[in-house]
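The values are calculated or read from the model by the stated rules, or taken from the named source; none is laboratory data. For clarity, every value in this text was computed on a predicted model and none was experimentally measured. Counting neighbours? That spans all protein chains shown, and the Cβs are built from the backbone with ideal geometry, glycine included. Ligands, DNA and RNA are excluded from the accessible area calculation, which covers all protein heavy atoms including side chains. Shrake-Rupley method; radii C 1.70, N 1.55, O 1.52, S 1.80 Å.
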Amino acid sequence: MTRIADLLDKGKTYSFEFFPPKTDAEQTTLVTTLRELEPLGPSFASVTYRGGAESRRRTVDLVTGMLRTTNLVPMAHLICVAHTRLELAEILVELRRSGVENLMALGGDPPTDPDAAIGEMAYAGELVELARAIGGFSIGVAAHPAGHPLSTDMATDRDHLAAKLALADFAVTQFFFEADQYTSLVSDLADRDVTKPVLPGIMPVERLSSIPGMARMGAAVPGWMVERLEAADARGGPEAVRLEGIACATELCEQLVDAGVPGLHFYTLNRSVATREIYSALGLAKG
């Protein structure tokens, strides 16, 4: 295994994010995606977690499956909500016994299941401290360039981020669409004496229909990009929109690399085409 903190010490990382499949069809899609992306030689692969016993099992199974059957370095997500401290400790111990060394510690969204347990920890920083107590993990936390959707103001958001990142090894951002959002976040952290690596999260806009949902997730697509995508739609329909979205994401990556980012983190949505196209356009693909 390889610790992400060690990879970041050595140079830029390029990483992919996946979610555990719920159905046989999703499993087939994911297996195909992993086979197609593994030859690109990513630094690590991040696996999300939605909470609850079923999602817990899927995440652990996918992460340990990567260890056994691929050359990928996995990072397991874990959330505080709907878990007791003991349950979280048990999950962390299971991950370590399985050989997992990399963890993304998250607060998590409030559970919608009325039968969900009441969590004993509310913030990612508490989970980072628990993982540190168990030992052996390289730990990442989440950052929101536009501010967390539940934050009351940007200064408070940055204060909370600086506090939890001070406990962790690195951060990975929510996806965003303009480079100055990232550079502003890093500058705000530096003003708070926190200079640990922050990996920018990249997700291209491939469909016009996805734009409202991105705004609800706290990452609104800027007007100039909407205009480019709508113009592409008028020229050539859905495929032209997809290609324009890839072009916008590639331009963002180029700007971020020029700004000296420690790496790039791609949200794949368990599909490989967009990531492979951006990788190729950036000249990162091997061979």
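Lysine pairs in the chain with Cα distance under 21 Å, only those 8 or more apart or on different chains: how many are there?
Details: Lys10/Lys196; Lys10/Lys286; Lys12/Lys196; Lys12/Lys286; Lys164/Lys196.
Lysine pairs, 8 or more places apart or on different chains, close enough: 5.
Build a GNM of the chain with springs between Cα atoms under 10 Å apart, and of Ala146, Ala76, Ala168 the one that fluctuates most is Ala146. The label point for Thr2 and the one for Ile211, both projected 7 Å from the Cα toward the Cβ, are 3.9 nm apart. Select from Ser138, Ser151, Ser43 the residue whose mean-square fluctuation is largest in a Gaussian network model of the chain (Cα-Cα springs shorter than 10 Å). Of Ser138, Ser151, Ser43, the Gaussian network model singles out Ser151 as fluctuating most. Volume per residue of the convex hull around the Cα atoms, evaluated for segment 54-207, comes out as 145 Å³. Within the listed set Leu161, Leu103, Leu150, the Gaussian network model of the chain (springs between alpha-carbon atoms below 10 Å) gives the highest mean-square fluctuation for Leu150. Quantify, in whole percent, the carbon and sulfur part of the accessible surface of the chain (1.4 Å probe; protein heavy atoms only). Whole-percent figure for carbon plus sulfur exposure: 52. The HN-Hα couplings worked out from phi for segment 167-182 by the Karplus form 6.51 cos²θ - 1.76 cosθ + 1.60 (θ = phi - 60°) are 8, 9, 9, 6, 10, 10, 8, 4, 5, 8, 10, 9, 4, 5, 5, 5 Hz, whole numbers, x standing for Gly and Pro.
What angle, in degrees between 0 and 90 and rounded to the nearest 10, separates the Cα long axis of helix 24-37 from the longest principal axis of the Cα atoms of the chain? So the helix axis and the longest Cα principal axis differ by about 70 degrees. Solvent-accessible surface of the chain, averaged per residue with a 1.4 angstrom probe and all protein chains in place: 46 square angstrom. Net length available on complete extension from Glu36 to Glu254 is 76.2 nm, with 0.36 nm assigned per residue and the Cα-Cα distance removed.
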